[in-house]
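Heads up: the structure comes next, in structure tokens.
The values are calculated or read from the model by the stated rules, or taken from the named source; none is laboratory data. Keep in mind the model is a prediction, meaning the values are calculated, not measured. Neighbour counts are summed over all protein chains in view; Cβ atoms, including those assigned to glycine, are modelled from backbone coordinates with ideal geometry.
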Amino acid sequence: MRTPIVAANWKMNKTQAEAREYCRRFRELVPRDFPVELVIFPPFTALHVVREELSGTPIKWGAQNAHPEPKGAFTGEVSLPMLIEHGISYVIVGHSERRHIFGETDEFISRKVRAVLDAGLSPILCVGERLEERRSGRAWEVVEGQLSAALGVLSAEEASQVVIAYEPVWAIGTGVPARPEDAQEMATAIRGWLAERFGDVAQKVRIQYGGSVKPGNAGDFLKLPDIDGALVGGASLDPDSFFAIAEEAS
Ligand code: PEP
């Protein structure tokens, strides 16, 4: 039985004051025995606030990005040892905005996955095709390439620590989610790929769907047999809306 995991990617949103207000409301909503793992990904600048407000609750937090090197001349970057000081549990790796706006390559993403695991944390690895790739029937080819590059060299034990977020690029922030049957088809293919490489571990790895998830459609994805949660951007910025999505997973 896989514990569902629902995550809030705030992206470049929320000042410290806004983060504090959000966390105070959100922790009121979440019962202690809530059966879904909840993870908030604030911007780096609000991590300490989120930690202050959510410590002692069942809600976890993580980083939206991290550099694979522990320190050095990488202006503007933040390392895993720095983030660990903020009590994080997860790091988002390979988000489509990092791939397509900031030009992160499969090779760089695989170094990040390795560094996150070596730091004793879990990566949420984002994979997904662009619209023209889906239209030309290449969606699986693209996703398989991303999986092979990022996870191909891991051991089965390491792979079991990874969460995979299937996020079709054309569905992110557009208000147009994937069709649930297409998300399920991709999640099944991802689990099959994991089974070929890592055997039984494939049954343990959690696969999220992400892309325009909101309270009105979350249940359509979260009830699917190979979807174990959601990665939510826009609709996670309001604590009540994010909790409504999480309730669909419970
Ligand atoms: C995301 O940023 O990972 C995401 C899925 O965004 P949205 O929910 O806004 O589509």
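From the residues in segment 25-53 that are over 30 Å from residue 224 (Cα atoms) and touching a Pro at 6+ places or on another chain (Cβ under 9 Å), which one is farthest from the ligand (Cβ to nearest atom)?
The qualifying residue farthest from the ligand (Cβ to nearest atom) is 49.
Within segment 145-156, can one find any residue that is more than 15 Å from the ligand (Cβ to nearest atom) and in contact (Cβ under 8 Å) with a residue 60 or more places away in the chain? If you could, list the steps in order and put the result at the bottom.
At the first step, the residues of segment 145-156 found to be more than 15 Å from the ligand (Cβ to nearest atom) are 145, 147-156.
Now narrow it down to the ones that are in contact (Cβ under 8 Å) with a residue 60 or more places away in the chain: none.
Scanning segment 145-156 turns up no residue that is more than 15 Å from the ligand (Cβ to nearest atom) and in contact (Cβ under 8 Å) with a residue 60 or more places away in the chain.
Regarding residue 103, is this residue free of Cβ contacts under 8 Å to residues at least 24 places away in the same chain and not hydroxyl-bearing (Ser, Thr, Tyr)?
On the way: free of Cβ contacts under 8 Å to residues at least 24 places away in the same chain: yes; not hydroxyl-bearing (Ser, Thr, Tyr): yes.
So residue 103 fits the description; yes.
Looking at segment 152-168, is at least one residue touching a helix residue (DSSP H, G or I) at 6+ places or on another chain (Cβ under 9 Å), farther than 17 Å from residue 11 by Cα and at pLDDT below 95?
yes
Would you call residue 69 out of contact with any Asp or Glu (no Cβ under 7 Å at 6 or more places or on another chain), buried (at least 18 other Cβ atoms within 10 Å of the Cβ), farther than 17 Å from residue 161 by Cα and among the charged types (D, E, K, R)?
Working: out of contact with any Asp or Glu (no Cβ under 7 Å at 6 or more places or on another chain): yes; buried (at least 18 other Cβ atoms within 10 Å of the Cβ): no; farther than 17 Å from residue 161 by Cα: yes; among the charged types (D, E, K, R): yes.
Taking the combined requirement at face value, the residue does not satisfy it.
Being farther than 18 Å from residue 6 by Cα and within 15 Å of the ligand (Cβ to nearest atom) narrows it down to one of 114, 130, 138, 134, so name that one.
Numbers: 114 fails: within 15 Å of the ligand (Cβ to nearest atom); 138 fails: within 15 Å of the ligand (Cβ to nearest atom); 134 fails: within 15 Å of the ligand (Cβ to nearest atom).
Selected residue: 130, the only one of 114, 130, 138, 134 that is farther than 18 Å from residue 6 by Cα and within 15 Å of the ligand (Cβ to nearest atom).
Within the bounds of segment 205-217, is there any residue that is touching a Leu at 6+ places or on another chain (Cβ under 7 Å) and within 15 Å of the ligand (Cβ to nearest atom)? So that I can check it myself, show each step before the final result.
So the first thing to find is which residues in segment 205-217 are touching a Leu at 6+ places or on another chain (Cβ under 7 Å), and the list is 205, 208, 210.
Of the ones still in play, those that are also within 15 Å of the ligand (Cβ to nearest atom) are 208, 210.
The answer is yes, given that some residue of segment 205-217 is touching a Leu at 6+ places or on another chain (Cβ under 7 Å) and within 15 Å of the ligand (Cβ to nearest atom).
Condition first: crowded, with 20+ Cβ neighbours inside 10 Å and not in a helix (DSSP H, G or I). Now tell me which residues in segment 213-222 satisfy that. Let's see the steps before the verdict.
Kept after step one, since they are crowded, with 20+ Cβ neighbours inside 10 Å, are these residues of segment 213-222: 213, 218, 221-222.
Once the filter is applied, which keeps residues that are crowded, with 20+ Cβ neighbours inside 10 Å and not in a helix (DSSP H, G or I), segment 213-222 yields only 213.
Per-residue answers, yes or no, for (1) within 21 Å of residue 25 (Cα to Cα); (2) buried (at least 21 other Cβ atoms within 10 Å of the Cβ):
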residue	(1), (2)
206	no, no
229	no, yes
239	yes, no
249	yes, yes
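Tally up the residues in segment 179-193 that are without any contact (Cβ under 8 Å) to a residue 40 or more places away in the chain and surrounded by 19 or more Cβ atoms within 10 Å (Cβ to Cβ), please.
The total comes to 0.
Could you check segment 177-201 and list, in sequence order, the residues that are within 19 Å of the chain's Cα centre (by Cα) and part of a loop (DSSP other than H, G, I, E, B)?
Selection gives 177, 178.
Residue 225: under 22 Å from residue 32 (Cβ atoms), away from the ligand (no atom under 14 Å from the Cβ) and surrounded by fewer than 24 Cβ atoms within 10 Å (Cβ to Cβ), yes or no? Working first, answer last.
Values: under 22 Å from residue 32 (Cβ atoms): no; away from the ligand (no atom under 14 Å from the Cβ): yes; surrounded by fewer than 24 Cβ atoms within 10 Å (Cβ to Cβ): yes.
Judged against the criteria, residue 225 is not a match.
Taking the stated definitions as given, is residue 97 farther than 21 Å from residue 159 by Cβ, part of a helix (DSSP H, G or I) and either touching an Asp or Glu at 6+ places or on another chain (Cβ under 8 Å) or within 16 Å of the ligand (Cβ to nearest atom) (or both)?
On the way: farther than 21 Å from residue 159 by Cβ: yes; part of a helix (DSSP H, G or I): yes; either touching an Asp or Glu at 6+ places or on another chain (Cβ under 8 Å) or within 16 Å of the ligand (Cβ to nearest atom) (or both): yes.
In short, yes.
Is there a residue in segment 103-111 that is within 22 Å of residue 157 (Cβ to Cβ), in contact with a helix residue (DSSP H, G or I) (Cβ under 9 Å, 6 or more places away or on another chain) and surrounded by fewer than 21 Cβ atoms within 10 Å (Cβ to Cβ)? Before the answer, list the steps.
We begin by selecting, within segment 103-111, every residue within 22 Å of residue 157 (Cβ to Cβ); these are 109-111.
Within this subset, residues satisfying the condition of being in contact with a helix residue (DSSP H, G or I) (Cβ under 9 Å, 6 or more places away or on another chain) are 109-110.
Then drop every residue that is not surrounded by fewer than 21 Cβ atoms within 10 Å (Cβ to Cβ), which leaves none.
No, that holds for no residue.
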